[in-house]
Amino acid sequence: MSAKLLRFAYVCEFLLALVAIFTSWSEVGGQAALDLMYWAWKLGFGLSLAASIVAYTAAIASGDSLWTMRAVRWLAAIGVLMAAIGVVTYYYTQDIELPGDSDESGTVSIREPVGLPLLPFA
């Protein structure tokens with residue numbers, strides 16, 4: 001395969017990886033957590049993971065064996081990035097307020113302020 005065609009294939013893989021990463025992230029982690037998350041986390045993790053996937057593919061394609069040291073490093077980077085994505089998503093999942101989590105019991109009590117006299121209306 002020529003170098004130009006290989007670069008084009010890597011670009012296509014990168015774009016496909018971006019779509020797959022963000023789709024699966026919203027399905028697995030929950031869209032509510034992603035809506036709360038700071039945009040730079042999503043952009044940084046998404047681009048880094050897609051680039052690591054492409055680099056892993058390039059390492060496999062360029063080597064004679066499937067398990068070269070370069071390929072193992074990229075596979076480890078993918079694992080670390082996915083673990084970091086899980087930790088950040090879990091952190092933002094803790095901030096989601098569920099509808100049944102309010103402390104209100106549904107009753108309202110009206111109390112007069114203590115120590116202040118009531119003034120009659122004129």
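The values are calculated or read from the model by the stated rules, or taken from the named source; none is laboratory data. The model shown is predicted, which means the values in this text are computed figures rather than measured ones. Glycine gets a Cβ as well: all are built from the backbone with ideal geometry, and neighbour counts include every protein chain shown.
Quick check: is even one residue across the stretch 33-56 surrounded by fewer than 17 Cβ atoms within 10 Å (Cβ to Cβ) and not in a helix (DSSP H, G or I)?
yes
Which residue pairs have Cβ atoms under 7 Å apart, sit 6 or more places apart or on different chains, and have a first residue in the stretch 31-60 that is more than 14 Å from Ala20 (Cβ to Cβ) and free of Cβ contacts under 8 Å to residues at least 40 places away in the same chain and a second that is among the β-branched types (Val, Ile, Thr) and outside any helix (DSSP H, G or I)?
Ala59/Thr68
All but one of (1) outside any helix (DSSP H, G or I); (2) surrounded by 13 or more Cβ atoms within 10 Å (Cβ to Cβ) hold for Phe22, so report the exception by its number.
Failing condition for Phe22: (1).
Please find, among Val28, Val19, the residue that is of a type in the set (A, V, I, L, M, F, W, C) and modelled with pLDDT of 95 or more.
Values: Val28 fails: modelled with pLDDT of 95 or more.
Checking each option against the conditions leaves just Val19.
Is one or more of the residues making up the stretch 96-106 modelled with pLDDT under 90, of a type in the set (A, V, I, L, M, F, W, C) and either over 30 Å from Leu6 (Cα atoms) or part of a helix (DSSP H, G or I) (or both)? Talk me through it step by step, then tell me what you get.
Taking the stretch 96-106 and keeping what is modelled with pLDDT under 90, we get 96-106.
Right, trim to of a type in the set (A, V, I, L, M, F, W, C) and you get 96, 98.
When the remaining residues are screened for being either over 30 Å from Leu6 (Cα atoms) or part of a helix (DSSP H, G or I) (or both), the result is 96, 98.
Scanning the stretch 96-106, I find at least one residue that is modelled with pLDDT under 90, of a type in the set (A, V, I, L, M, F, W, C) and either over 30 Å from Leu6 (Cα atoms) or part of a helix (DSSP H, G or I) (or both), so the answer is yes.
Six or more apart or on different chains, Cβ atoms under 6 Å: show the pairs whose first residue is in the stretch 63-75 and surrounded by 14 or more Cβ atoms within 10 Å (Cβ to Cβ) and charged (D, E, K, R) and whose second is at pLDDT 85 or above and not in a loop (DSSP other than H, G, I, E, B).
Going by the 6 Å Cβ cut-off, the qualifying pairs are Arg70/Ala59.
Looking only at the stretch 61-95, filter to residues that are β-branched (Val, Ile, Thr) and either closer than 23 Å to Phe22 by Cα or assigned to a helix (DSSP H, G or I) (or both); which one of those is farthest from the chain's Cα centre (by Cα)? Steps first, answer last, please.
First pass over the stretch 61-95, keeping only residues β-branched (Val, Ile, Thr): 68, 72, 78, 80, 85, 87-89, 93.
Next cut, either closer than 23 Å to Phe22 by Cα or assigned to a helix (DSSP H, G or I) (or both) only: 72, 78, 80, 85, 87-89, 93.
Details: Val72: 24, Ile78: 14, Val80: 13, Ile85: 5, Val87: 9, Val88: 7, Thr89: 5, Thr93: 10 Å.
The selected residue is Val72.
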